[in-house]
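The values are calculated or read from the model by the stated rules, or taken from the named source; none is laboratory data. Keep in mind it's a predicted model, so treat the numbers as computed, not measured. Every residue, glycine among them, receives a Cβ derived from its backbone with ideal geometry; neighbour counts consider all protein chains shown.
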Amino acid sequence: MSHKKILVIDDSATIRKLVDTHLSAAGYELFLAPTAEDGLRMAEDVRPDLILLDHQLPGTTGYEVCCRLCESPVLKLIPVVVSSTLRNRAYAEYTEMSNVVDMLPKPYTEELLRTTVANALETAAMIVASQTQGTAVPEVIATVGDTDLAGSFAMFGLREVLDFLNNGNKSGVLEVEAERTRIWFYLKEGSIQGVSATGLREQEVERITAGLPQAIENLAPVLKLTLEGRSGAEVDGFLQLLNRKVLDPRLVTRLLLYQAAMLVRLAFTRRLTGFRFEAGRAAPAMYRSLPLDISLLALLVEGAVHDDPAGLPVEASETTFVRRAIRGQNLDRAGLAPRHMKILGLLSEPRTVAELAGLLQWEPLEVRQVLNGFEQAELVQTAARSEGARVVVFESDPRIAQHLRTVLAETATGSQFKVVRDRLALQLFLKRARPEVLVFAAEDSEACTQMRELLAAAADRLSDAKYVLITTEAAARDAADVWRKRLGVVPHQILARPSTTEQLLAAVEKVLEKVAKEPSREVASPQQVAPARAVNPAPAAAASAVANPVTEPTAGVQ
(Lines give C-alpha, C1' and ligand atoms only; values in the text may rest on other atoms or scores of the structure.)
Protein backbone atom coordinates (compact mmCIF):
# COMPACT_ATOMS: atom_id res chain seq x y z
CA MET A 1 0.00 0.00 0.00
CA SER A 2 0.99 3.63 -0.48
CA HIS A 3 0.76 4.77 3.22
CA LYS A 4 0.80 8.38 2.03
CA LYS A 5 -1.25 10.75 4.20
CA ILE A 6 -3.84 12.92 2.46
CA LEU A 7 -5.61 15.80 4.23
CA VAL A 8 -8.95 16.79 2.69
CA ILE A 9 -10.26 20.24 3.59
CA ASP A 10 -13.80 20.52 2.20
CA ASP A 11 -17.07 21.67 3.76
CA SER A 12 -19.11 19.13 1.76
CA ALA A 13 -19.71 15.90 3.73
CA THR A 14 -20.51 14.12 0.48
CA ILE A 15 -17.19 15.12 -1.09
CA ARG A 16 -15.26 14.12 2.02
CA LYS A 17 -16.93 10.72 2.11
CA LEU A 18 -16.38 10.07 -1.61
CA VAL A 19 -12.73 11.08 -1.46
CA ASP A 20 -12.22 8.92 1.63
CA THR A 21 -13.85 5.94 -0.11
CA HIS A 22 -11.89 6.20 -3.36
CA LEU A 23 -8.47 7.14 -1.98
CA SER A 24 -8.62 4.72 0.95
CA ALA A 25 -9.20 1.94 -1.59
CA ALA A 26 -5.96 2.99 -3.28
CA GLY A 27 -4.04 2.64 0.01
CA TYR A 28 -3.85 6.27 1.16
CA GLU A 29 -4.41 7.31 4.77
CA LEU A 30 -7.14 9.96 4.84
CA PHE A 31 -7.72 12.84 7.26
CA LEU A 32 -10.91 14.88 6.83
CA ALA A 33 -11.52 18.49 7.87
CA PRO A 34 -14.83 20.37 7.29
CA THR A 35 -13.46 23.88 7.93
CA ALA A 36 -10.33 25.92 7.30
CA GLU A 37 -9.48 26.12 11.00
CA ASP A 38 -9.85 22.37 11.45
CA GLY A 39 -7.72 21.83 8.37
CA LEU A 40 -4.89 24.11 9.51
CA ARG A 41 -4.85 22.52 12.95
CA MET A 42 -4.85 19.03 11.42
CA ALA A 43 -2.05 19.98 9.01
CA GLU A 44 0.10 21.01 11.98
CA ASP A 45 -0.63 17.77 13.85
CA VAL A 46 -0.59 15.26 10.99
CA ARG A 47 1.98 16.77 8.59
CA PRO A 48 0.27 15.22 5.53
CA ASP A 49 2.03 14.38 2.27
CA LEU A 50 -0.64 16.23 0.28
CA ILE A 51 -3.58 18.57 0.96
CA LEU A 52 -6.70 18.41 -1.20
CA LEU A 53 -8.20 21.86 -0.67
CA ASP A 54 -11.65 23.21 -1.58
CA HIS A 55 -11.61 26.75 -2.97
CA GLN A 56 -14.84 27.88 -1.30
CA LEU A 57 -14.94 27.30 2.44
CA PRO A 58 -17.23 28.68 5.19
CA GLY A 59 -16.07 32.23 5.98
CA THR A 60 -12.91 32.03 3.90
CA THR A 61 -11.32 30.68 0.71
CA GLY A 62 -8.71 28.15 -0.20
CA TYR A 63 -6.41 30.99 -1.19
CA GLU A 64 -6.35 32.32 2.38
CA VAL A 65 -5.64 28.80 3.68
CA CYS A 66 -2.68 28.54 1.30
CA CYS A 67 -1.37 31.87 2.58
CA ARG A 68 -1.65 30.65 6.19
CA LEU A 69 0.20 27.46 5.28
CA CYS A 70 3.00 29.45 3.65
CA GLU A 71 3.57 31.39 6.89
CA SER A 72 4.92 28.22 8.50
CA PRO A 73 8.45 27.09 7.52
CA VAL A 74 7.25 23.47 7.73
CA LEU A 75 3.70 23.65 6.40
CA LYS A 76 4.70 25.66 3.34
CA LEU A 77 6.48 22.59 2.01
CA ILE A 78 3.26 20.53 1.94
CA PRO A 79 1.97 20.38 -1.67
CA VAL A 80 -1.63 21.50 -2.24
CA VAL A 81 -4.14 20.51 -4.93
CA VAL A 82 -6.98 23.04 -5.20
CA SER A 83 -10.48 21.92 -6.20
CA SER A 84 -13.34 24.15 -7.34
CA THR A 85 -16.40 24.37 -9.58
CA LEU A 86 -15.29 27.87 -10.67
CA ARG A 87 -12.42 26.40 -12.67
CA ASN A 88 -10.27 29.10 -14.35
CA ARG A 89 -11.72 31.99 -12.35
CA ALA A 90 -10.65 30.33 -9.11
CA TYR A 91 -7.35 29.00 -10.40
CA ALA A 92 -6.12 32.45 -11.42
CA GLU A 93 -5.81 33.37 -7.75
CA TYR A 94 -3.27 30.63 -7.07
CA THR A 95 -0.76 31.29 -9.84
CA GLU A 96 1.71 32.88 -7.42
CA MET A 97 1.30 30.37 -4.61
CA SER A 98 4.45 28.25 -4.28
CA ASN A 99 2.74 25.39 -2.49
CA VAL A 100 -0.04 24.82 -5.08
CA VAL A 101 1.03 22.06 -7.49
CA ASP A 102 -2.19 21.19 -9.37
CA MET A 103 -5.89 21.97 -9.88
CA LEU A 104 -8.83 19.56 -9.75
CA PRO A 105 -12.07 20.81 -11.37
CA LYS A 106 -15.40 19.83 -9.80
CA PRO A 107 -17.22 17.61 -10.50
CA TYR A 108 -14.51 15.02 -11.09
CA THR A 109 -14.48 11.30 -11.71
CA GLU A 110 -12.86 8.74 -9.44
CA GLU A 111 -10.19 8.09 -12.07
CA LEU A 112 -9.34 11.80 -12.38
CA LEU A 113 -9.13 12.09 -8.59
CA ARG A 114 -6.74 9.18 -8.28
CA THR A 115 -4.61 10.24 -11.22
CA THR A 116 -4.32 13.83 -9.98
CA VAL A 117 -3.36 12.75 -6.47
CA ALA A 118 -0.82 10.20 -7.72
CA ASN A 119 0.81 12.69 -10.09
CA ALA A 120 0.87 15.40 -7.43
CA LEU A 121 2.57 13.12 -4.92
CA GLU A 122 5.12 12.01 -7.49
CA THR A 123 6.24 15.48 -8.54
CA ALA A 124 5.14 17.67 -5.62
CA ALA A 125 8.38 17.75 -3.65
CA MET A 126 10.38 18.96 -6.65
CA ILE A 127 7.73 21.48 -7.69
CA VAL A 128 7.44 23.02 -4.22
CA ALA A 129 11.21 23.13 -3.85
CA SER A 130 11.64 24.78 -7.24
CA GLN A 131 8.94 27.40 -6.53
CA THR A 132 10.16 28.28 -3.02
CA GLN A 133 13.89 28.12 -3.70
CA GLY A 134 14.00 29.04 -7.39
CA THR A 135 15.66 25.77 -8.44
CA ALA A 136 14.98 24.05 -11.73
CA VAL A 137 12.70 21.02 -12.02
CA PRO A 138 14.42 18.10 -13.80
CA GLU A 139 12.86 17.11 -17.10
CA VAL A 140 13.10 13.39 -16.35
CA ILE A 141 11.64 12.19 -13.08
CA ALA A 142 13.02 9.05 -11.52
CA THR A 143 10.67 6.15 -10.98
CA VAL A 144 9.09 6.15 -7.55
CA GLY A 145 9.07 2.74 -5.85
CA ASP A 146 10.46 -0.57 -7.06
CA THR A 147 8.56 -3.26 -8.92
CA ASP A 148 9.77 -6.84 -8.79
CA LEU A 149 8.08 -7.88 -12.05
CA ALA A 150 6.41 -5.72 -14.68
CA GLY A 151 5.51 -5.88 -18.33
CA SER A 152 2.85 -5.64 -20.99
CA PHE A 153 0.39 -8.21 -22.29
CA ALA A 154 1.60 -7.78 -25.85
CA MET A 155 3.30 -11.19 -25.79
CA PHE A 156 2.19 -12.79 -22.52
CA GLY A 157 -1.29 -13.67 -21.32
CA LEU A 158 -2.66 -13.22 -17.81
CA ARG A 159 -2.77 -17.00 -17.35
CA GLU A 160 0.94 -17.25 -18.10
CA VAL A 161 1.81 -14.51 -15.59
CA LEU A 162 -0.31 -16.07 -12.82
CA ASP A 163 1.05 -19.55 -13.64
CA PHE A 164 4.59 -18.20 -13.32
CA LEU A 165 3.87 -16.69 -9.90
CA ASN A 166 2.09 -19.85 -8.77
CA ASN A 167 4.86 -22.17 -9.91
CA GLY A 168 7.37 -20.00 -8.07
CA ASN A 169 5.27 -19.91 -4.85
CA LYS A 170 5.43 -16.11 -4.90
CA SER A 171 3.69 -13.91 -2.34
CA GLY A 172 2.67 -10.33 -3.05
CA VAL A 173 0.23 -8.24 -5.06
CA LEU A 174 -0.24 -8.39 -8.84
CA GLU A 175 -1.79 -5.28 -10.37
CA VAL A 176 -3.35 -5.75 -13.81
CA GLU A 177 -4.29 -2.80 -16.01
CA ALA A 178 -7.45 -2.98 -18.11
CA GLU A 179 -7.99 0.50 -19.56
CA ARG A 180 -9.35 2.59 -16.65
CA THR A 181 -9.78 -0.46 -14.41
CA ARG A 182 -7.15 -1.94 -12.11
CA ILE A 183 -7.59 -5.53 -10.94
CA TRP A 184 -5.62 -6.65 -7.90
CA PHE A 185 -4.61 -10.28 -7.25
CA TYR A 186 -3.47 -10.98 -3.70
CA LEU A 187 -1.13 -13.99 -3.68
CA LYS A 188 0.39 -16.09 -0.92
CA GLU A 189 2.85 -18.80 -1.90
CA GLY A 190 1.38 -18.77 -5.37
CA SER A 191 -2.26 -19.28 -4.33
CA ILE A 192 -4.84 -16.57 -4.88
CA GLN A 193 -6.10 -15.20 -1.55
CA GLY A 194 -8.53 -12.68 -3.01
CA VAL A 195 -9.20 -10.34 -5.93
CA SER A 196 -10.44 -6.74 -5.91
CA ALA A 197 -10.64 -3.93 -8.45
CA THR A 198 -10.68 -0.18 -8.79
CA GLY A 199 -12.19 1.93 -11.53
CA LEU A 200 -15.06 -0.43 -12.34
CA ARG A 201 -17.87 1.05 -14.39
CA GLU A 202 -21.15 1.48 -12.57
CA GLN A 203 -22.91 -0.96 -14.89
CA GLU A 204 -20.21 -3.57 -14.22
CA VAL A 205 -20.70 -3.25 -10.47
CA GLU A 206 -24.47 -3.56 -10.88
CA ARG A 207 -24.16 -6.59 -13.17
CA ILE A 208 -21.85 -8.41 -10.76
CA THR A 209 -24.07 -7.54 -7.79
CA ALA A 210 -27.22 -8.66 -9.60
CA GLY A 211 -25.70 -12.08 -10.28
CA LEU A 212 -25.16 -12.98 -6.63
CA PRO A 213 -26.22 -16.57 -5.81
CA GLN A 214 -29.49 -16.75 -3.94
CA ALA A 215 -27.85 -18.02 -0.75
CA ILE A 216 -25.86 -14.78 -0.34
CA GLU A 217 -27.94 -12.25 -2.27
CA ASN A 218 -28.72 -10.41 0.98
CA LEU A 219 -25.00 -9.53 1.14
CA ALA A 220 -25.27 -7.30 -1.96
CA PRO A 221 -24.49 -4.12 0.07
CA VAL A 222 -21.39 -5.84 1.45
CA LEU A 223 -20.30 -6.85 -2.06
CA LYS A 224 -20.48 -3.24 -3.23
CA LEU A 225 -18.28 -2.38 -0.26
CA THR A 226 -15.65 -5.09 -0.84
CA LEU A 227 -15.71 -5.25 -4.64
CA GLU A 228 -13.36 -2.30 -5.04
CA GLY A 229 -11.04 -3.32 -2.21
CA ARG A 230 -11.90 -0.41 0.07
CA SER A 231 -9.78 -0.02 3.18
CA GLY A 232 -11.39 2.96 4.90
CA ALA A 233 -13.53 3.26 8.00
CA GLU A 234 -16.43 1.30 6.44
CA VAL A 235 -14.33 -1.82 5.91
CA ASP A 236 -12.75 -1.47 9.35
CA GLY A 237 -16.24 -1.52 10.85
CA PHE A 238 -17.14 -4.51 8.72
CA LEU A 239 -14.11 -6.43 9.97
CA GLN A 240 -15.10 -5.61 13.53
CA LEU A 241 -18.49 -7.22 12.88
CA LEU A 242 -16.68 -10.33 11.60
CA ASN A 243 -14.40 -10.42 14.64
CA ARG A 244 -17.40 -10.16 16.93
CA LYS A 245 -19.06 -12.96 14.94
CA VAL A 246 -22.03 -10.77 14.12
CA LEU A 247 -21.55 -11.89 10.49
CA ASP A 248 -21.06 -15.51 9.48
CA PRO A 249 -17.50 -15.77 8.07
CA ARG A 250 -18.53 -18.74 5.91
CA LEU A 251 -21.07 -16.62 4.05
CA VAL A 252 -18.58 -13.79 3.68
CA THR A 253 -16.00 -16.24 2.31
CA ARG A 254 -18.57 -17.37 -0.28
CA LEU A 255 -19.11 -13.72 -1.12
CA LEU A 256 -15.38 -13.09 -1.59
CA LEU A 257 -15.13 -16.26 -3.71
CA TYR A 258 -17.93 -15.03 -5.96
CA GLN A 259 -16.30 -11.59 -6.14
CA ALA A 260 -12.92 -13.07 -7.08
CA ALA A 261 -14.47 -15.34 -9.71
CA MET A 262 -16.38 -12.53 -11.40
CA LEU A 263 -13.39 -10.18 -11.40
CA VAL A 264 -11.14 -12.91 -12.84
CA ARG A 265 -13.73 -13.55 -15.55
CA LEU A 266 -13.81 -9.81 -16.21
CA ALA A 267 -10.02 -9.76 -16.51
CA PHE A 268 -10.11 -12.62 -19.04
CA THR A 269 -12.73 -10.89 -21.19
CA ARG A 270 -11.25 -7.36 -21.17
CA ARG A 271 -8.37 -5.96 -23.16
CA LEU A 272 -5.41 -5.91 -20.78
CA THR A 273 -2.44 -3.60 -21.21
CA GLY A 274 0.16 -4.06 -18.49
CA PHE A 275 0.94 -5.60 -15.13
CA ARG A 276 3.24 -5.08 -12.17
CA PHE A 277 3.99 -7.40 -9.26
CA GLU A 278 5.30 -6.31 -5.86
CA ALA A 279 6.74 -9.25 -3.96
CA GLY A 280 6.07 -9.35 -0.23
CA ARG A 281 3.40 -6.68 -0.34
CA ALA A 282 0.64 -7.53 2.13
CA ALA A 283 -2.97 -8.01 1.09
CA PRO A 284 -5.67 -5.82 2.70
CA ALA A 285 -6.93 -6.98 6.09
CA MET A 286 -10.09 -8.43 4.54
CA TYR A 287 -8.18 -11.01 2.48
CA ARG A 288 -5.76 -11.80 5.28
CA SER A 289 -8.71 -12.54 7.57
CA LEU A 290 -10.62 -14.67 5.03
CA PRO A 291 -8.09 -16.04 2.51
CA LEU A 292 -9.45 -18.10 -0.39
CA ASP A 293 -6.33 -20.22 -1.10
CA ILE A 294 -7.67 -21.06 -4.53
CA SER A 295 -6.33 -21.71 -8.03
CA LEU A 296 -6.87 -19.66 -11.16
CA LEU A 297 -8.57 -22.64 -12.84
CA ALA A 298 -11.16 -22.94 -10.06
CA LEU A 299 -11.93 -19.20 -10.27
CA LEU A 300 -12.34 -19.33 -14.05
CA VAL A 301 -14.79 -22.21 -13.80
CA GLU A 302 -16.62 -20.54 -10.90
CA GLY A 303 -16.93 -17.32 -12.90
CA ALA A 304 -18.28 -19.14 -15.95
CA VAL A 305 -20.86 -21.00 -13.85
CA HIS A 306 -22.17 -17.82 -12.19
CA ASP A 307 -22.04 -15.49 -15.17
CA ASP A 308 -25.00 -14.72 -17.40
CA PRO A 309 -25.42 -17.72 -19.78
CA ALA A 310 -26.23 -15.27 -22.57
CA GLY A 311 -22.54 -14.37 -22.62
CA LEU A 312 -21.40 -17.91 -23.43
CA PRO A 313 -20.06 -18.48 -26.95
CA VAL A 314 -22.44 -20.25 -29.30
CA GLU A 315 -21.08 -23.53 -30.68
CA ALA A 316 -22.52 -25.73 -33.35
CA SER A 317 -24.07 -28.96 -32.08
CA GLU A 318 -21.30 -30.99 -33.74
CA THR A 319 -18.49 -28.94 -32.13
CA THR A 320 -16.28 -31.18 -30.02
CA PHE A 321 -13.96 -30.40 -27.10
CA VAL A 322 -10.72 -32.17 -26.30
CA ARG A 323 -8.10 -31.70 -23.62
CA ARG A 324 -4.92 -29.96 -24.66
CA ALA A 325 -1.45 -30.12 -23.17
CA ILE A 326 0.67 -26.98 -22.86
CA ARG A 327 4.31 -27.31 -21.94
CA GLY A 328 4.99 -25.66 -18.58
CA GLN A 329 1.32 -25.08 -17.83
CA ASN A 330 0.35 -24.80 -14.20
CA LEU A 331 -1.31 -27.90 -12.77
CA ASP A 332 -2.83 -26.28 -9.66
CA ARG A 333 -6.43 -27.45 -9.22
CA ALA A 334 -7.00 -26.10 -5.68
CA GLY A 335 -10.64 -25.27 -5.10
CA LEU A 336 -11.91 -26.95 -8.29
CA ALA A 337 -15.02 -28.98 -7.45
CA PRO A 338 -14.61 -32.76 -7.87
CA ARG A 339 -17.82 -32.60 -9.92
CA HIS A 340 -16.12 -30.38 -12.47
CA MET A 341 -12.95 -32.48 -12.52
CA LYS A 342 -15.02 -35.28 -14.06
CA ILE A 343 -15.25 -33.39 -17.35
CA LEU A 344 -11.47 -33.25 -17.71
CA GLY A 345 -11.34 -37.02 -17.33
CA LEU A 346 -13.71 -37.44 -20.26
CA LEU A 347 -11.85 -35.16 -22.67
CA SER A 348 -9.00 -37.46 -23.66
CA GLU A 349 -10.88 -37.74 -26.94
CA PRO A 350 -13.11 -35.18 -28.70
CA ARG A 351 -16.67 -35.03 -27.34
CA THR A 352 -19.65 -32.78 -27.95
CA VAL A 353 -21.60 -30.99 -25.22
CA ALA A 354 -24.48 -33.42 -25.76
CA GLU A 355 -22.18 -36.43 -25.36
CA LEU A 356 -20.67 -35.07 -22.15
CA ALA A 357 -24.09 -34.19 -20.74
CA GLY A 358 -25.29 -37.73 -21.46
CA LEU A 359 -22.28 -39.38 -19.85
CA LEU A 360 -22.42 -37.17 -16.75
CA GLN A 361 -26.21 -36.90 -16.53
CA TRP A 362 -25.88 -33.11 -16.32
CA GLU A 363 -27.81 -30.30 -17.91
CA PRO A 364 -26.08 -29.20 -21.16
CA LEU A 365 -25.90 -25.61 -19.84
CA GLU A 366 -23.66 -26.61 -16.92
CA VAL A 367 -21.41 -28.56 -19.28
CA ARG A 368 -21.08 -25.51 -21.55
CA GLN A 369 -20.28 -23.26 -18.57
CA VAL A 370 -17.55 -25.53 -17.18
CA LEU A 371 -16.06 -26.02 -20.65
CA ASN A 372 -15.95 -22.26 -21.11
CA GLY A 373 -13.94 -21.93 -17.89
CA PHE A 374 -11.57 -24.66 -19.06
CA GLU A 375 -11.19 -22.91 -22.41
CA GLN A 376 -10.22 -19.65 -20.69
CA ALA A 377 -7.64 -21.61 -18.68
CA GLU A 378 -6.45 -23.07 -22.01
CA LEU A 379 -6.98 -26.61 -20.74
CA VAL A 380 -9.34 -27.62 -23.54
CA GLN A 381 -9.81 -26.65 -27.15
CA THR A 382 -12.44 -27.21 -29.79
CA ALA A 383 -11.81 -29.82 -32.45
CA ALA A 384 -13.50 -30.72 -35.69
CA ARG A 385 -15.78 -33.73 -35.41
CA SER A 386 -14.31 -36.69 -37.23
CA GLU A 387 -16.84 -39.04 -38.77
CA GLY A 388 -14.33 -41.89 -38.98
CA ALA A 389 -14.20 -44.94 -36.74
CA ARG A 390 -12.27 -44.91 -33.47
CA VAL A 391 -9.23 -47.16 -33.61
CA VAL A 392 -7.03 -47.81 -30.59
CA VAL A 393 -3.56 -49.30 -31.13
CA PHE A 394 -1.95 -50.99 -28.13
CA GLU A 395 1.83 -50.80 -28.64
CA SER A 396 4.11 -51.21 -25.61
CA ASP A 397 7.41 -50.32 -27.27
CA PRO A 398 7.84 -46.53 -26.74
CA ARG A 399 9.92 -45.99 -29.89
CA ILE A 400 7.50 -47.86 -32.12
CA ALA A 401 4.51 -46.17 -30.45
CA GLN A 402 5.97 -42.71 -31.09
CA HIS A 403 6.73 -43.61 -34.70
CA LEU A 404 3.16 -44.81 -35.12
CA ARG A 405 1.77 -41.55 -33.72
CA THR A 406 3.94 -39.54 -36.08
CA VAL A 407 3.03 -41.52 -39.19
CA LEU A 408 -0.69 -41.67 -38.37
CA ALA A 409 -0.77 -37.93 -37.70
CA GLU A 410 0.67 -37.30 -41.17
CA THR A 411 -1.56 -39.81 -42.95
CA ALA A 412 -5.15 -39.06 -43.97
CA THR A 413 -6.99 -42.19 -42.85
CA GLY A 414 -10.58 -41.08 -42.21
CA SER A 415 -10.44 -42.80 -38.79
CA GLN A 416 -9.59 -41.53 -35.31
CA PHE A 417 -6.43 -43.31 -34.15
CA LYS A 418 -5.34 -43.48 -30.52
CA VAL A 419 -1.97 -45.08 -29.69
CA VAL A 420 -1.48 -46.27 -26.09
CA ARG A 421 1.63 -47.81 -24.56
CA ASP A 422 0.57 -49.66 -21.40
CA ARG A 423 -2.32 -51.64 -19.95
CA LEU A 424 -3.43 -48.89 -17.56
CA ALA A 425 -3.70 -46.35 -20.39
CA LEU A 426 -5.71 -48.85 -22.43
CA GLN A 427 -8.01 -49.62 -19.50
CA LEU A 428 -8.66 -45.92 -18.92
CA PHE A 429 -9.36 -45.37 -22.60
CA LEU A 430 -11.83 -48.26 -22.71
CA LYS A 431 -13.70 -46.83 -19.72
CA ARG A 432 -14.33 -43.61 -21.63
CA ALA A 433 -14.75 -44.78 -25.20
CA ARG A 434 -16.04 -47.64 -27.34
CA PRO A 435 -13.52 -48.21 -30.15
CA GLU A 436 -14.65 -49.80 -33.38
CA VAL A 437 -11.24 -51.46 -33.83
CA LEU A 438 -8.65 -52.63 -31.32
CA VAL A 439 -5.14 -53.36 -32.64
CA PHE A 440 -2.78 -55.25 -30.32
CA ALA A 441 0.30 -57.49 -30.33
CA ALA A 442 0.43 -60.98 -28.79
CA GLU A 443 3.50 -63.03 -29.62
CA ASP A 444 3.95 -65.32 -26.62
CA SER A 445 1.82 -67.10 -24.02
CA GLU A 446 2.34 -64.45 -21.32
CA ALA A 447 1.21 -61.64 -23.64
CA CYS A 448 -1.83 -63.68 -24.68
CA THR A 449 -2.81 -64.36 -21.06
CA GLN A 450 -2.56 -60.69 -20.11
CA MET A 451 -4.51 -59.63 -23.18
CA ARG A 452 -7.24 -62.23 -22.51
CA GLU A 453 -7.70 -60.83 -18.98
CA LEU A 454 -7.87 -57.28 -20.25
CA LEU A 455 -10.38 -58.10 -23.01
CA ALA A 456 -12.57 -60.00 -20.55
CA ALA A 457 -12.58 -57.07 -18.08
CA ALA A 458 -13.64 -54.65 -20.85
CA ALA A 459 -16.06 -57.01 -22.62
CA ASP A 460 -19.03 -54.64 -22.25
CA ARG A 461 -17.05 -51.81 -23.87
CA LEU A 462 -15.79 -54.03 -26.69
CA SER A 463 -19.02 -55.83 -27.55
CA ASP A 464 -19.09 -54.35 -31.07
CA ALA A 465 -15.34 -54.00 -31.57
CA LYS A 466 -13.28 -55.74 -34.22
CA TYR A 467 -9.76 -56.98 -33.52
CA VAL A 468 -6.52 -56.77 -35.48
CA LEU A 469 -3.82 -59.03 -34.03
CA ILE A 470 -0.10 -58.60 -34.61
CA THR A 471 1.92 -61.75 -34.04
CA THR A 472 4.74 -63.86 -35.42
CA GLU A 473 4.53 -65.29 -38.91
CA ALA A 474 4.29 -68.85 -37.55
CA ALA A 475 1.51 -68.01 -35.07
CA ALA A 476 -0.44 -66.18 -37.78
CA ARG A 477 -1.21 -69.58 -39.36
CA ASP A 478 -2.86 -71.01 -36.23
CA ALA A 479 -6.53 -71.94 -36.37
CA ALA A 480 -9.36 -69.79 -35.06
CA ASP A 481 -10.06 -72.17 -32.16
CA VAL A 482 -6.44 -71.84 -31.05
CA TRP A 483 -6.74 -68.07 -30.86
CA ARG A 484 -10.10 -68.27 -29.12
CA LYS A 485 -8.47 -70.38 -26.44
CA ARG A 486 -5.49 -68.06 -26.13
CA LEU A 487 -7.34 -64.71 -26.20
CA GLY A 488 -10.97 -65.50 -25.57
CA VAL A 489 -11.81 -63.93 -28.94
CA VAL A 490 -11.11 -64.63 -32.58
CA PRO A 491 -9.17 -61.82 -34.35
CA HIS A 492 -10.85 -60.40 -37.44
CA GLN A 493 -7.45 -59.75 -39.06
CA ILE A 494 -3.98 -61.04 -38.27
CA LEU A 495 -0.82 -59.22 -39.31
CA ALA A 496 2.37 -61.25 -39.39
CA ARG A 497 5.69 -59.72 -38.51
CA PRO A 498 7.32 -57.79 -40.15
CA SER A 499 4.54 -55.46 -41.34
CA THR A 500 4.41 -51.79 -42.26
CA THR A 501 2.09 -48.95 -41.30
CA GLU A 502 0.32 -49.18 -44.65
CA GLN A 503 -0.37 -52.85 -44.06
CA LEU A 504 -1.82 -52.04 -40.63
CA LEU A 505 -4.06 -49.34 -42.14
CA ALA A 506 -5.18 -51.74 -44.84
CA ALA A 507 -6.07 -54.37 -42.23
CA VAL A 508 -8.06 -51.82 -40.21
CA GLU A 509 -9.90 -50.67 -43.32
CA LYS A 510 -10.71 -54.25 -44.24
CA VAL A 511 -12.27 -55.14 -40.87
CA LEU A 512 -14.31 -51.92 -40.94
CA GLU A 513 -15.81 -53.02 -44.26
CA LYS A 514 -17.09 -56.31 -42.78
CA VAL A 515 -20.84 -56.50 -42.21
CA ALA A 516 -21.15 -60.07 -40.89
CA LYS A 517 -22.20 -60.31 -37.24
CA GLU A 518 -20.10 -63.37 -36.49
CA PRO A 519 -16.32 -62.82 -36.62
CA SER A 520 -14.51 -64.47 -39.48
CA ARG A 521 -10.81 -65.15 -39.45
CA GLU A 522 -8.51 -63.90 -42.16
CA VAL A 523 -4.73 -63.94 -42.15
CA ALA A 524 -3.02 -61.01 -43.82
CA SER A 525 0.65 -61.60 -44.47
CA PRO A 526 2.98 -58.93 -45.82
CA GLN A 527 2.64 -60.57 -49.24
CA GLN A 528 -1.17 -60.56 -49.15
CA VAL A 529 -1.48 -56.89 -48.09
CA ALA A 530 1.21 -55.25 -50.13
CA PRO A 531 1.44 -51.45 -49.85
CA ALA A 532 0.58 -49.49 -52.95
CA ARG A 533 3.35 -47.05 -52.08
CA ALA A 534 5.82 -46.53 -49.29
CA VAL A 535 4.53 -44.45 -46.39
CA ASN A 536 8.06 -43.39 -45.57
CA PRO A 537 10.96 -43.62 -48.01
CA ALA A 538 13.32 -44.39 -45.12
CA PRO A 539 14.74 -47.93 -44.71
CA ALA A 540 12.27 -50.62 -43.67
CA ALA A 541 13.64 -50.88 -40.12
CA ALA A 542 12.82 -47.20 -39.53
CA ALA A 543 9.64 -47.08 -41.59
CA SER A 544 8.04 -50.10 -39.98
CA ALA A 545 5.48 -49.11 -37.37
CA VAL A 546 4.93 -52.74 -36.42
CA ALA A 547 8.59 -53.65 -36.46
CA ASN A 548 10.51 -56.79 -37.41
CA PRO A 549 11.20 -58.67 -34.15
CA VAL A 550 14.65 -59.64 -35.45
CA THR A 551 15.88 -56.09 -36.10
CA GLU A 552 13.66 -54.13 -33.65
CA PRO A 553 12.50 -54.64 -30.03
CA THR A 554 9.51 -56.96 -29.83
CA ALA A 555 6.19 -55.16 -29.47
CA GLY A 556 4.56 -57.19 -26.72
CA VAL A 557 1.88 -56.63 -24.13
CA GLN A 558 3.13 -55.48 -20.74
Task: Any hit, the stretch 54-70, residues being in contact with a Leu (Cβ under 8 Å, 6 or more places away or on another chain), under 30 Å from residue 178 (Cβ atoms), buried (at least 21 other Cβ atoms within 10 Å of the Cβ) and at pLDDT 85 or above - done: no
Open item on the list: Can you report the number of residues in the stretch 454-479 which are surrounded by 14 or more Cβ atoms within 10 Å (Cβ to Cβ) and in a helix (DSSP H, G or I)?
Closed with: 4
Task: Matching residues, the stretch 27-41, being under 49 Å from the mean Cα position of the chain (by Cα) and assigned to a helix (DSSP H, G or I) - done: 39
Task: Some residue of the stretch 103-110 being touching a residue at least 12 places away in the same chain (Cβ under 8 Å) and out of contact with any helix residue (DSSP H, G or I) (no Cβ under 9 Å at 6 or more places or on another chain) - done: yes
- [ ] Would you mind stating whether residue 53 is touching a residue at least 40 places away in the same chain (Cβ under 8 Å) and in a strand (DSSP E or B)?
- [x] yes
Open item on the list: When you scan the stretch 299-306, do you find a residue that is surrounded by fewer than 21 Cβ atoms within 10 Å (Cβ to Cβ), under 20 Å from the mean Cα position of the chain (by Cα) and not in a strand (DSSP E or B), even just one?
Closed with: yes
TODO: Identify the single condition in (1) surrounded by 18 or more Cβ atoms within 10 Å (Cβ to Cβ); (2) under 22 Å from residue 114 (Cα atoms) that residue 36 does not satisfy, given that it satisfies every other one.
DONE: (2)
- [ ] Filter the stretch 133-176 for residues that are assigned to a strand (DSSP E or B) and modelled with pLDDT of 90 or more and give the result.
- [x] 172, 173, 174, 175, 176
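Rundown of residues vs (1) touching a strand residue (DSSP E or B) at 6+ places or on another chain (Cβ under 6 Å); (2) in the same structural domain as residue 185 (by TED's automatic domain parsing); (3) more than 30 Å from residue 172 (Cβ to Cβ), yes/no style:
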{"site": "17", "(1), (2), (3)": "no, no, yes"}
{"site": "20", "(1), (2), (3)": "yes, no, no"}
{"site": "27", "(1), (2), (3)": "no, no, no"}
{"site": "32", "(1), (2), (3)": "yes, no, yes"}
{"site": "36", "(1), (2), (3)": "yes, no, yes"}
{"site": "39", "(1), (2), (3)": "yes, no, yes"}
{"site": "49", "(1), (2), (3)": "yes, no, no"}
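Take the residues in the stretch 185-215 that are among the hydroxyl-bearing types (Ser, Thr, Tyr) and out of contact with any Asp or Glu (no Cβ under 8 Å at 6 or more places or on another chain); name whichever of them is surrounded by the fewest Cβ atoms within 10 Å (Cβ to Cβ).
Within the stretch 185-215, the match that is surrounded by the fewest Cβ atoms within 10 Å (Cβ to Cβ) is 209.
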Open item on the list: Just to be sure I understand, how many residues within the stretch 336-359 are more than 18 Å from residue 418 (Cβ to Cβ) and surrounded by fewer than 18 Cβ atoms within 10 Å (Cβ to Cβ)?
Closed with: 8
